[in-house]
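To start, the structure itself, in structure tokens.
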Amino acid sequence: MNTAQKSLLACSAVCYALVIFSFFNSALWLVLIFFILHSLALLYFSYLTYCASKAPETEEELESLKEQYSRLVQENTTLSQELSQSQKQYEELKAFMEEPEVSETKEAAAPSFESLLPPVDSDADPQETINIIQVAKDTIEEFLPFSSKAGIQIQVSTATDSLFVKASLQRIRILFRNIIDNSIKYMNQAGNLVITISTIGDDIFIVLKDNGKGLPEAETPHIFEINYQGSNRISGNGLGLTQAKAIVDSYGGTIYAKSTMGKGMGIYIQIPIE
């Protein structure tokens, strides 16, 4: 209770005593005056008490509004960054799809890799509807012991929790396995592998980009060839990316790579939703 409230209570008490005194002395006009003063003092005291009780709540509301504003600013910044990244990837993919050699590759839809396609269980639907984002996350979990040991962080970047495509769950999982395994093996250093998944029209686009040592630009176009091993060759049969290409080709999609020495490797995939 502050000084003003104490003063009002004292004033109210004095006025009330004067009301009683005036009443017993039959001075009704004094009774009325002191009663009005008594009432006004109580009303003002009540107002000050109400303001004092609301002040802390108002401060709490202001703090809450500040927190909400900060959160909205952060969410807006995150969305802007994701939009910028998606736009950049869209431009890269658009430029790639417009290249003549890519168009010819799509039209040719090479069945020459059919022998490399992983088998599908007899009881599995080769064209089931799967959440490709969840498949990517599950595959990352499988590789967690190996990626952690290598000091490589793998994460999925997407604007939604689910994107559905008609495909074989087994083959899409192997597609992710082969590329992730290849990245861990050839990065040969601590770093990051970011898997971005988005849709453009009727297609799903997947970008797997690491910040490893990369390959010379002249070698990059050959990484999907059978048994090809570049200048950074490591023991293995060299079939992982070839099989990944076979899987993408089987769905009428496209896959290509972009890399520069010292700037990591990017694998770009387009797969029709249907």
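Against the definition (in contact (Cβ under 8 Å) with a residue 12 or more places away in the chain and not aliphatic (A, V, I, L, M)), how does Lys137 come out, yes or no? In short, yes. One residue stands out in region 238-253 among those that are closer than 23 Å to Asn131 by Cβ and outside any helix (DSSP H, G or I): the one that is least open to solvent (accessible area, probe 1.4 Å), namely Gly253. Note on region 1-27: among residues that are within 60 Å of the chain's Cα centre (by Cα) and under 17 Å from Ser39 (Cα atoms), the one that is modelled with the highest pLDDT is Ser7.
Taken over region 160-199, the residue count meeting the criterion of being within 16 Å of Gln270 (Cα to Cα) and part of a strand (DSSP E or B) is 9. Residue check: is Ile184 under 19 Å from Ala136 (Cα atoms), touching a residue at least 24 places away in the same chain (Cβ under 8 Å) and surrounded by fewer than 16 Cβ atoms within 10 Å (Cβ to Cβ)? Spelling it out, it is not the case that Ile184 is under 19 Å from Ala136 (Cα atoms), touching a residue at least 24 places away in the same chain (Cβ under 8 Å) and surrounded by fewer than 16 Cβ atoms within 10 Å (Cβ to Cβ).
Restricted to region 200-211, and to residues there that are open to solvent by 30 Å² or more (accessible area, probe 1.4 Å) and in a strand (DSSP E or B), the residue that is farthest from Ala136 (Cα to Cα) is Ile200. If the condition is being open to solvent by 10 Å² or more (accessible area, probe 1.4 Å) and closer than 15 Å to Thr199 by Cβ, then region 254-274 contributes Pro272, Ile273, Glu274.
Which of the residues that make up region 120-141 are open to solvent by 80 Å² or more (accessible area, probe 1.4 Å) and closer than 15 Å to Asp249 by Cα? If the condition is that a residue be open to solvent by 80 Å² or more (accessible area, probe 1.4 Å) and closer than 15 Å to Asp249 by Cα, then Gln127 is the only one that fits.
The values are calculated or read from the model by the stated rules, or taken from the named source; none is laboratory data. Since this is a predicted model, take the numbers as computed values, not measurements. Note: ideal-geometry Cβ built from the backbone for every residue, glycine included; neighbour counts use all protein chains shown. Remember, those area values only see protein heavy atoms, side chains included, never the ligands or the DNA or RNA. Shrake-Rupley method; radii C 1.70, N 1.55, O 1.52, S 1.80 Å.
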